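Read-outs: derived from the displayed coordinates by stated rules, not from any lab. As the structure is a computational prediction, the values presented were derived from the model and not from experiment. Neighbour counts are summed over all protein chains in view; Cβ atoms, including those assigned to glycine, are modelled from backbone coordinates with ideal geometry.
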Amino acid sequence: MDVLGNIFQGAGAAFAGGAAASGWTVAVIFANIAFDGLDYNRADRMLRRTLLVSSNFQAILLGIAAVFSLLSGSIVAFITCLITALGFLSNVWTLAPRSGKRVTGMRENRKGKRMVAVALTLIQTAFAALGAALVAFGI
């Protein structure tokens, strides 16, 4: 039974580490490449879309890591991965298009949404890396 716990522990660390690597790739590497090679509007649109699509993937990875953490007995890592998964889902809510009637004279600040989403992704990436370390050490 101890061997199974070690397998769950390693799998949880791998999934949480994968979410951290994905967050870093999207928020830092992809953002630099997009704004280096494209004009501003296309880069902004592409980065917002990439953040939106990758947030679901990262939340799923962290949800799986949370399950493996719980099965391995790492309660603190379980809580960290679960809260971080919800944090990645906050990007979906941040970048979602507004529904309902628009207020006359008010413009939608897409640049502000992108900046908030990138900042949230970087913060959640740090917590995903922390979750991976907590699972790896069995905390």
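Each label was represented as a point 7 Å from its Cα along the Cα-to-Cβ direction; for residue 92 and residue 35 these points are 2.7 nm apart. Centroid-to-centroid, using Cα positions, segment 4-38 and segment 42-78 are 9 Å apart.
Extending 7 Å from Cα along the Cβ direction at residue 45 and again at residue 75 yields two label points whose distance is 5.1 nm. In this calculation the C-beta distance from residue 83 to residue 4 is compared with R0 = 30 Å, giving a FRET efficiency of 0.70. Measuring max minus min along each principal axis, the C-alpha atoms of the chain give extents of 62, 35, 17 Å (largest first).
For 49, 110, the sequence from fewest to most other C-beta atoms within 10 Å is 49, 110. Only Lys, Arg, Asp and Glu carry charge here, each on its Cβ (+1 for the first two, -1 for the last two); on that basis the chain has a dipole of about 940 debye about its Cα centre. Remark: segment 51-63, residue by residue, has Karplus-estimated 3J(HN,Hα) of 4, 5, 6, 6, 5, 5, 4, 5, 5, 5, 4, 6, x Hz, where x stands for each Gly or Pro and the curve is 6.51 cos²θ - 1.76 cosθ + 1.60 at θ = phi - 60°. A simple rule links phi to the HN-Hα coupling: the Karplus curve 6.51 cos²θ - 1.76 cosθ + 1.60 with θ = phi - 60°, which for segment 118-134 gives 5, 5, 4, 5, 5, 5, 5, 5, 4, 5, 5, 5, 4, x, 5, 5, 5 Hz, with x for Gly and Pro.
Ordering 25, 125 from the fewest to the most neighbouring beta carbons within 10 Å gives 25, 125.
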